[in-house]
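Visitor: The structure is given below, and queries will be raised subsequently.
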Amino acid sequence: MKETRTNRKEIYDGKVIHVVLDDVVLEDGTESKREVVYHNGGVCIALRDDDGKYFMVRQFRYAIGREMLEFCAGKIEKGEEPLEAIYRECEEELGYKAVDLVSLGEVIPTCGYCSEVIHLYHARKGEKVGQHFDEDEDLSLKKYSFEEIRQMIGEGKINDSKTIALMYRIEQKGLHV
């Protein structure tokens, strides 16, 4: 299946997203419109401490108007590779280097209108380097066992899709044992 773009209207070009409105023609000749949010993508890491617990961040998410508990994550900067981004985010938000990094694939959170792809990783805590947040970041660190995180997901206390997907991948690979 394929759709062919016949026209594009640029709506917004910001720091994080680029929004367009495309006119398209479907294979059967039907005409339609597609609103698309282009995003550089992101990274998410489950960093495991020496005690077997995972670092998580609690932060206010403006778009949904509430605090969220999630694994460390961040956007990929223009020209940056996912591996560069995950090492940078881990140091910035968690204050540690990541060692024994394992790629656990990717998740596409909103494929109906957004191009964002989030790369998922698991690692062990390495050398302490100290946190250094972006100037507009305010978050607190928490640590939980794999079972505690799984229970919070089951109870609806963790609703972040990238965290839920990463937990599933960790369990499937047996990395939590």
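Read-outs throughout are calculated quantities, based only on the coordinates presented, and are distinct from any laboratory measurement. All of these numbers come straight from a predicted model, not from anything done at the bench. Using ideal geometry, Cβ is built from the backbone for each residue, glycine included, and neighbour counts are taken over all protein chains shown.
Visitor: Taking every Cα atom in the range 2-44, find the radius of gyration and the maximum pairwise distance Dmax, and write them in Å.
Guide: 12.7, 40
Visitor: For the range 77-177, state which trypsin sites (Lys or Arg not before Pro) are in a DSSP loop and have at most 13 other beta carbons lying within 10 Å of their beta carbon.
Guide: The qualifying sites are Lys78, Lys157.
Visitor: Also: Please give the charge dipole size of the range 1-80, origin at the Cα centre, charges +1 on K and R Cβ atoms and -1 on D and E Cβ atoms. Round to the nearest 20 debye.
Guide: 240 debye
Visitor: Please report Rg (one decimal) and Dmax (integer) in Å for the Cα set of the chain.
Guide: Spelled out, the Cα radius of gyration and Dmax of the chain are 18.3, 59 Å.
Visitor: Mind checking the range 105-159 for GluC sites (Glu not before Pro) that DSSP puts in a loop (not H, G, I, E or B) and that have at most 15 other Cβ atoms within 10 Å?
Guide: Answer in residue order: Glu135, Glu137, Glu155.
Visitor: By how many nm would the segment from Glu80 to Phe133 lengthen if fully extended, with 0.36 nm per residue of separation less the alpha-carbon distance?
Guide: 17.3 nm
Visitor: If you don't mind, there's one more thing I want to ask. What angle do you read, to the nearest 10 degrees and between 0 and 90, between the alpha-carbon axis of helix 161-173 and the longest principal axis of the chain?
Guide: 60 degrees
Visitor: Let me ask another. Sort Phe55, Phe133 by Cβ crowding within 10 Å, fewest neighbours at the top.
Guide: With the sparsest Cβ surroundings first, the list reads Phe133, Phe55.
Visitor: Could you give each residue of the range 138-152 its phi-based ³J(HN,Hα) in whole Hz, using Karplus coefficients 6.51, -1.76, 1.60 with θ = phi - 60°, and x for Gly or Pro?
Guide: 9, 9, 10, 8, 9, 10, 9, 6, 4, 5, 5, 5, 4, 5, 5
Visitor: With both partners inside the chain, how many of the DSSP beta bridges are antiparallel, as a percent to the nearest 5?
Guide: 85 percent
Visitor: Comparing Tyr121, Tyr12, Tyr54, which has the greatest mean-square fluctuation in the GNM of the chain with Cα pairs linked when under 10 Å apart?
Guide: Taking springs between Cα atoms under 10 Å, the residue moving most is Tyr12.
Visitor: What does the helix-only formula give at 222 nm for the chain: each DSSP H stretch with n ≥ 4 adding -39500 (n - 2.57), the total divided by the residues, and the result rounded to the nearest 500 deg cm²/dmol?
Guide: -5000 deg cm²/dmol
Visitor: With +1 on each Lys and Arg Cβ and -1 on each Asp and Glu Cβ, and nothing else charged, work out how big the dipole of the chain is about its Cα centre, in Debye to the nearest 20.
Guide: 400 debye
Visitor: Which of Ser103, Ser145, Ser32 ends up with the largest GNM mean-square fluctuation for the chain, with Cα atoms connected below 10 Å?
Guide: Sorting by GNM fluctuation, first place goes to Ser32.
Visitor: Separate question: In a Gaussian network model over the chain where Cα atoms closer than 10 Å are linked, find which of Ile153, Ile64, Ile118 has the largest mean-square fluctuation.
Guide: Result: Ile64 has the largest fluctuation of those listed.
Visitor: Given a Förster radius of 25 Å and the C-beta distance between Arg124 and Tyr168 as r, what FRET efficiency does 1/(1 + (r/R0)^6) yield to the nearest 0.05?
Guide: 0.80
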